[in-house]
Every structure is written in structure tokens, then in C-alpha cells.
Amino acid sequence: MTLRISVLALSAALAACQPGGGPADTSGGSTTQASVTAETASPRVRELVAQMTLAEKLGQLHQAAGGRSRNLNSRLTPDELDRVRRGEIGSYLHVAGAAPLGELQQVAVEESRLGIPLLFAMDVVHGYRTIFPVPIAMASTWDPEDLERASRIAAEEASAAGLHWTFAPMIDIARDPRWGRIVEGAGSDPYLGARIAVAQIEGFQSDNLAAGDTLMATAKHFGAYGAPIGGRDYGTADISERNLHEIYLPPFHAASEAGSASMMTAFNDIAGVPSTSNEHLIDGVLRGEWGFDGLIVSDWNAIAELINHGVADTRADAGELALRAGVDMDMTSNVFAQDLATAIEADPGLMADLDRAVMHVLTAKERLGLFDNPMAYHDPEREAAAMLTDAARAEARRIAARSVVLLENRGSALPLGPDAGRIAVIGALAEDASTQLGSWRARGTPETVTGLLQGLRQGAPAGVEITYEAGASPTSDDLSGIAAAIAAAEAADQVILVVGEDYDLSGEARSRSSLYMPDSQRALARAVLDTGRPVTVVLVSGRPLAIPDIAERADAVLASWMLGVEAGPALADVIFGRVSPAGRLPVSFPRTTGQAPFTYSENPGGRPADPDLSRDSNRFHDLPITPLYAFGHGLSYSEFEYGDIRLDADSVAPGDTIRLTIPVTNTGDRAADEVVQLYMRDPVASVARPRLELRGFARLALGAGETRSVSFILDPAQFAVFQAPGDWRIEAGSVDLHVGASSSDLRQSVTVTVSEAGRSRSPAASIATRIEVE
Ligand code: BGC
């Protein structure tokens with residue numbers, strides 16, 4: 001798109017973007033604040049605040065741990081009940097159970113002076129009792145409706161168990177697979193991430209937070225938690241203001257627009273400003289520009305950790321910084337409860353901030369219906385009936401099968417049919433039910449999981465025989481089982497080799513310096529591949545792994561991530577062909593550790609990566625310029641043809657929309673899904689733009705031989721360039737649009753013209769493309 005902006009606007013843009021690669025200045029003054037205030041709070045909330053003592057106000061801002069994440073309710077002692085009676089607690093996390101939480105709630109509403117109900121919270125991330133695939137797996141469905149369904153079921157179960165609030169969805173964009181928490185999110189792309197964020201929020205909250213069977217969602221971790229240096233958890237995000245707004249914040253903007261009732265601030269800092277005390281980001285951007293009026297909670301102990309960051313000297317200072325920035329609730333650090341009074345005494349002006357925070361907490365409780373019907377979540381009979389129903393398990397199986405990504409399929413090695421003969425399943429992970437629950441398992445237990453081996457045994461066609469050898473476990477250096485694994489492989493017609501990481505190698509504080517499989521898994525894979533038997537590799541992991549040998553030598557490779565309670569049946573559905581795989585990668589797989597972070601969406605630079613090594617270009621000398629598997633990649637048992645693109649106009653003006661339609665045909669002889677992906681590229685703009693950017697996708701179910709047309713309805717605001725928070729530049733000129741099966745398999749292209757320049761308030765990637773399928 002050609003540059004057509006005034007000199008004034010350009011210099012403002014340049015000032016905002018700090019060319020030269022300097023870090024963003026994300027500190028600084030705030031703009032107008034749009035949050036719950038004395039004017040906008042309900043009469044009930046205002047009256048309560050007027051009656052509250054300072055101690056009661058501070059109590060409302062305190063979230064206490066009722067236990068550790070795997071030891072729920074353990075701290076709910078008689079002393080704790082007295083604290084509730086005295087109004088010293090606003091919320092508990094890591095608690096569960098309709099009856100125990102009901103008793104606690106009764107004490108709060110009947111025995112505390114003002115009868116304010118408690119908020120009960122937990123990390124219900126990918127299921128409560130019915131555990132669904134880990135988030136990065138569900139993101140691989142590229143189907144927001146699947147994520148909405150899973151979140152809805154999680155909310156029905158968790159709310160029946162006395163919970164009001166989940167710390168999910170985790171919507172941090174993650175481009176460095178060394179970061180262990182990549183498992184908790186939707187991968188590397190802001191557009192895909194925004195759609196998946198919204199779907200989960202809608203699933204958790206539905207359209208009525210007070211319905212009693214919904215959960216208040218928490219979009220987390222606000223800021224740029226997914227961008228720690230080197231992928232080391234909790235580390236500084238030293239990113240440009242442009243990257244912050246164009247890549248990391250769009251899912252949060254979309255979450256705010258979708259009505260996420262709460263957000264959590266990140267542990268880490270951006271260019272020196274911890275997100276927990278970032279007044280510019282919280283008060284200025286989130287509340288001021290975006291108009292977010294929900295509850296903002298800190299992360300665990302993060303307010304006290306402002307001292308470790310080196311921006312606060314004392315706990316009172318830390319509390320003051322967080323409160324001023326706009327944090328409403330203190331998760332477990334006790335700073336608000338114990339030390340804020342000192343800060344308020346020194347500066348009575350802080351009372352206004354305190355009242356604002358209290359109003360946010362009380363308004364959240366009101367939105368959940370807790371003042372009118374505090375016992376709506378405490379019916380033990382409902383709780384007993386809600387858990388792990390057949391319908392929920394069926395959904396878990398359906399979604400798990402849709403999450404699997406077929407990375408390789410040489411000579412149509414998969415699916416395996418009734419003539420597969422004797423299959424040796426090899427790899428200790430095949431039997432590791434616990435791993436299928438992944439990170440954050442709420443009330444999920446390994447006994448409820450149908451593991452991979454079990455599922456393959458149950459799901460194999462008649463006449464197929466299954467043998468099993470553990471070979472080697474990812475958590476041990478013991479290679480003594482490999483000999484038996486080789487013998488089993490040699491005695492079989494086929495091998496299903498299950499290798500990768502166990503659940504404890506990804507998740508919080510689980511960053512890894514290596515993206516290769518653990519040594520034992522590599523040794524096992526090598527030995528089995530050396531037998532020369534046909535091998536299907538089932539890769540288990542919470543992150544993309546560098547698997548160059550497997551990619552080259554296996555007959556088929558499936559990325560199965562960690563698939564939840566129905567992992568085994570879902571995998572069997574794919575391997576034995578009852579479901580054609582249609583998962584697509586939400587983040588690319590690197591060839592080596594050193595190739596990461598790699599995204600399809602980088603700027604081309606002045607010397608774009610060139611396969612010809614004799615030209616000096618933006619690449620590693622010792623690697624191809626492509627990743628092992630690109631963003632959006634995933635194979636099918638069928639094949640698809642993309643017809644010609646139709647546009648309803650050649651040009652579009654800001655404020656209008658343009659419709660791009662493309663027919664897609666399943667040319668194979670079986671029903672299968674295809675994920676049609678739309679990418680943009682702005683070839684000439686005022687600042688360098690990414691090589692490609694996702695702007696739409698649709699997962700289509702197509703019968704054999706069937707053609708369906710997908711229309712993508714785009715607004716030029718989706719092509720806009722960041723200038724300042726709430727101010728995005730729509731530049732006049734041309735934009736290339738590509739439709740294809742992945743970021744590395746573009747099938748059809750077209751160019752549209754944006755007829756004039758304009759402005760938009762929303763981050764480009766946060767805006768949803770309207771999709772119509774005929
Ligand atoms: C994590 C959050 C989580 C919180 C409560 C923290 O360590 O960063 O994502 O919600 O604990 O369990």
C-alpha cells in the first residue's frame with residue numbers, strides 16, 4: 001500500500017514506533033479512564049462502599065489461597081472462617097466443592113457484618129472433571145466452536161462444584177516454543193489467538209453470568225507474558241511498541257470487546273515496566289482506550305514481587321503502584337490486605353483508587369448474581385450429576401480427534417485398515433494416562449483417562465492384533481527396554497511409535513533450552529526406525545518439537561499434543577480412519593532448537609531469506625529457510641482443490657467491506673474437513689509489514705466430491721498499521737490476499753485496492769472477518 005499520510009502523522013508514527021529497534025516506552029501517563037466508578041456502579045454497590053470500613057474494603061481486594069493447586073481446600077480451617085466473618089477475604093482460589101464452598105459462602109453472607117458473598121476461583125483451563133485436549137491442541141482444530149463447546153462444558157461442571165470464576169483463557173501469543181507455557185495458549189498468531197480467545201470467553205460466560213451455570217472468564221496474562229527473552233518463563237519482554245500492539249495485545253482487545261468479565265496482569269515486565277504496575281497499559285490502554293470495565297486481578301504473589309523487579313522498595317510501595325496502575329484484586333500476596341493502609345495513610349488521595357477497586361470486585365459479584373442468589377452454585381446433587389457425563393465424554397472425544405495434526409503421510413501410510421496385521425505399539429507415553437491431562441488439570445484424574453494404548457486396543461478393526469512394549473520413558477535415562485522394543489517392532493507388520501514429552505516438561509516454569517525430544521525418546525525412535533518396519537509416529541508434547549530425523553524417516557507423523565480424557569479413542573478414530581485428520585498447526589515446528597523462534601509472519605527485511613546460499617540473505621547458513629512444518633500446516637486423508645477467487649469489487653474504502661469468495665472441492669473419495677486460510681500482505685506501506693498475516697479461516701466439512709464456497713468479508717481496518725493506542729492507520733494502496741491450505745501452501749491470490757486512507761480504533765488482528773459458507 002502506498003504511503004499517503006501527512007508529514008505530521010508520519011512523525012507521530014515514527015515517534016510512537018521508535019525506529020532503530022529501541023524498546024517501547026510503555027510507561028507514562030494515562031488517558032481517560034472508563035471503568036466502574038461511583039457514577040456507573042449500581043446503587044447496591046455504591047451503598048455498600050459507603051458503609052464499608054477501610055479494613056472491609058481491603059478485605060474485598062484480598063484473594064486467599066484455599067489450598068495449593070493439587071491440594072484444594074486444605075487451608076479452609078476454622079481460623080479461616082473467622083477471617084471470613086470479619087470480612088477480611090474477598091475471594092478464594094484453589095478451592096472446590098458445592099458443599100464445602102456452600103458452607104463458606106453461608107458464613108460470608110450470614111455472619112459477616114455486610115453479608116458480602118465470596119468469589120470462588122480456580123484454573124479451569126481445558127476442562128474441570130472432563131478434561132479436554134490441552135489448549136494448544138484445541139487451537140489446532142482451527143474451529144472456535146470447538147473451543148466454545150469445551151469451555152461451556154467446563155463451566156457447567158465447575159459452576160456445579162461451587163466455582164464462579166476461572167483463570168482462563170490464557171491468550172498469550174507465544175512464538176518461542178522454549179517457553180513452557182506455549183501449551184496453555186493458542187500459539188503464535190494474533191488473529192487466530194483473538195478468535196480462539198473470544199470463543200472460550202463465550203463458552204465460559206455464555207450470555208448470562210448470573211445464570212448459575214456459567215463462569216466468569218479471565219483473559220490472561222495481560223501485557224506480553226508470552227514474549228519473555230529466550231523463552232525463559234517470567235522473563236522481560238523487551239519488545240517494540242509496534243509488536244506489543246500488533247502481535248501481543250490483539251487477543252486482549254478482542255477479549256475486552258467480547259465482555260470478558262476479568263483480566264489478569266502478567267508476572268513479567270515490558271521494557272522495564274512490570275505489567276502489574278503498568279499504569280499506561282492497564283489504566284490507559286485497557287480501561288481508557290478499550291473501555292474495559294471488568295475486574296483486574298494480579299497474578300499469584302505478583303504485587304509483592306514488584307520489590308524483586310526493583311520498582312518498589314517496600315510492600316506498601318508495591319501495593320500503591322499496583323493499585324494506582326489499576327489492579328483491583330491481589331492474588332495471595334497479602335500486600336493490599338496488610339500494607340496498603342500504610343500507603344493510604346501517607347497519601348489519602350489513594351482512597352479514590354481503593355474505592356474504584358472495591359467497586360470492581362463488588363460489581364463482579366453482582367454480575368454473577370451472588371448478592372441475589374449466593375447459594376445458586378451449591379447444590380451437591382447437581383454437582384454429582386454434572387460430572388463427566390456421557391455427552392461430555394463424547395464431546396471430548398470428538399474435539400480430541402479434531403485436534404490431531406497429520407504432519408506426514410508418505411504413500412498414504414495412514415489410515416490403517418483391517419489388513420494392518422500385527423501392530424506393535426511402542427513407547428511408555430502410550431500408557432501414561434496422566435500425561436494426557438497436561439498442565440492445569442483442575443479436578444481431572446488419570447483414572448478417568450482412556451489412554452492411547454487402551455484406545456488403540458479398543459478401536460482397532462477386527463483382525464488387527466496389538467502388542468505393546470514401553471521401550472523407554474521420557475522421564476528416565478533407562479534404555480534397557482529398547483532391545484525388547486526392537487524385537488516387538490521386528491515381529492510386527494506396523495509400528496505405532498509414541499514418543500515425545502510427558503506433561504511435566506511443559507507448562508508454568510517448564511521452559512526448556514532444547515526443542516529436541518528427551519534423549520531416551522530420541523534413542524528409542526532411532527532404534528525403531530532402524531528396524532525398517534513401517535512406522536507411524538505419534539508425537540506427544542505441549543510444544544512444537546524439533547524432530548528432523550522423524551520427519552525424514554517415519555512413514556506417518558501425527559502431532560497429538562495431549563488429548564485429555566478421551567485421548568485413546570480419539571487417536572484410534574484418526575489412525576484407523578474413522579475421522580480424517582484436519583488439525584492445523586497454530587505455531588510452526590522448527591528444524592532445530594536454534595531455528596526458533598520462527599514465524600511465517602516476520603518482516604522480509606532488505607535481504608529476504610533466499611534458498612540460494614550464494615546470495616547473502618536473512619537466513620541461517622546451515623538450515624533451509626523454511627521451518628520443518630509451517631504455521632497452518634496439516635494433511636488430510638483426502639485432497640482439495642481451490643477454485644478461482646471472486647471479489648465483489650476491486651477496491652474498498654475505509655468503513656466499507658469487501659467480499660472475497662472461493663470455491664473449495666474435496667477431490668478425494670472420502671468425507672474430510674479442510675481448513676481454508678486467508679492471508680494478507682501489504683506490499684508497500686509506511687513501515688515494513690510482515691511477509692504474511694492471517695486474516696481469516698474456515699474449517700469446512702466436505703463430502704467426497706463436494707464443493708462449497710467460502711466468503712471472507714473484510715474491512716480495511718483489518719489491514720491497518722499501528723500508530724498509537726486506539727489509533728490505527730488505514731493506508732491507501734494495494735493489499736495482496738492469498739487463500740490456501742497453510743502459510744506455506746498458498747493456492748490462489750488476488751490484489752485489492754484501498755481507495756483512500758482512514759483511521760481505526762481497533763488493533764487490526766483483533767477484528768473478526770465475517771465468514772459465510774454456501
Ligand atoms: C499462573 C496463573 C494462574 C495462577 C493461579 C500463576 O502461577 O501464572 O496463570 O492463574 O497461578 O493458579
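The values are calculated or read from the model by the stated rules, or taken from the named source; none is laboratory data. Keep in mind the model is a prediction, meaning the values are calculated, not measured. Cβ atoms come from the backbone with ideal geometry, glycine included; neighbour counts cover every protein chain shown. Quick note on the areas: whole protein, heavy atoms, side chains included, nothing else; ligands and nucleic acids left out. Shrake-Rupley method; radii C 1.70, N 1.55, O 1.52, S 1.80 Å.
If you check L354, L362, L350, L368 for being closer than 30 Å to E39 by Cα, at pLDDT 95 or above and in contact with a His (Cβ under 6 Å, 6 or more places away or on another chain), only one passes: L368. Residues that are away from the ligand (no atom under 16 Å from the Cβ), small (G, A, S) and not in a loop (DSSP other than H, G, I, E, B) within the stretch 86-124 comprise A98, A99, G102, A108, listed in sequence order.
If the condition is being open to solvent by 10 Å² or more (accessible area, probe 1.4 Å) and free of Cβ contacts under 8 Å to residues at least 60 places away in the same chain, then the stretch 152-166 contributes only R152.
The C-beta contact set for the stretch 106-123 (first residue at pLDDT 95 or above, second residue charged (D, E, K, R) and surrounded by fewer than 22 Cβ atoms within 10 Å (Cβ to Cβ), distance under 7 angstrom, 6+ apart or interchain) comprises V107/R85; E111/R85; S112/R85; L114/E56. Of all residues in the stretch 353-381, exactly one satisfies the criterion of being touching a Phe, Trp or Tyr at 6+ places or on another chain (Cβ under 8 Å) and over 16 Å from A41 (Cβ atoms), namely Y377. Take the conditions within 16 Å of the ligand (Cβ to nearest atom) and part of a strand (DSSP E or B) and apply them to I303. Does it pass? The answer is no for I303.
State whether one or more residues within the stretch 666-681 are surrounded by fewer than 18 Cβ atoms within 10 Å (Cβ to Cβ), modelled with pLDDT of 95 or more and touching a Gly at 6+ places or on another chain (Cβ under 6 Å). Checking the stretch 666-681: at least one residue is surrounded by fewer than 18 Cβ atoms within 10 Å (Cβ to Cβ), modelled with pLDDT of 95 or more and touching a Gly at 6+ places or on another chain (Cβ under 6 Å).
Hey, any hits in the stretch 128-149 for a residue that's within 16 Å of the ligand (Cβ to nearest atom) and either of a type in the set (F, W, Y) or within 18 Å of L368 (Cα to Cα) (or both)? Reasoning before the result, please.
To start, the set of residues in the stretch 128-149 that are within 16 Å of the ligand (Cβ to nearest atom) comprises 128, 134-136.
Still in the list and also either of a type in the set (F, W, Y) or within 18 Å of L368 (Cα to Cα) (or both): 128.
Yes, the stretch 128-149 contains at least one residue that is within 16 Å of the ligand (Cβ to nearest atom) and either of a type in the set (F, W, Y) or within 18 Å of L368 (Cα to Cα) (or both).
Consider the stretch 204-234 and keep the residues that are within 12 Å of the ligand (Cβ to nearest atom) and aromatic (F, W, Y). The one that is surrounded by the fewest Cβ atoms within 10 Å (Cβ to Cβ) is Y234. For the structure I just gave you, tell me whether V687 is in contact with a Leu (Cβ under 8 Å, 6 or more places away or on another chain), of a type in the set (V, I, T) and either modelled with pLDDT of 95 or more or surrounded by 19 or more Cβ atoms within 10 Å (Cβ to Cβ) (or both). In short, no.
The number of residues in the stretch 47-61 being of a type in the set (G, A, S) and surrounded by fewer than 21 Cβ atoms within 10 Å (Cβ to Cβ) comes to 2. Contact map, the stretch 167-194: first residue under 18 Å from G259 (Cα atoms) and in a helix (DSSP H, G or I), second residue modelled with pLDDT under 95 and within 15 Å of the ligand (Cβ to nearest atom), Cβ cut-off under 6 Å, separation 6 or more or different chains; the map is empty.
Out of D339, D317, D328, report the one residue that is farther than 30 Å from T141 by Cα and open to solvent by 40 Å² or more (accessible area, probe 1.4 Å). Break it down stepwise before answering.
Working: D339 fails: open to solvent by 40 Å² or more (accessible area, probe 1.4 Å); D328 fails: open to solvent by 40 Å² or more (accessible area, probe 1.4 Å).
Checking each option against the conditions leaves just D317.
Just one of the numbered conditions (1) closer than 30 Å to W290 by Cβ; (2) surrounded by 21 or more Cβ atoms within 10 Å (Cβ to Cβ) is not true of R44: (2).
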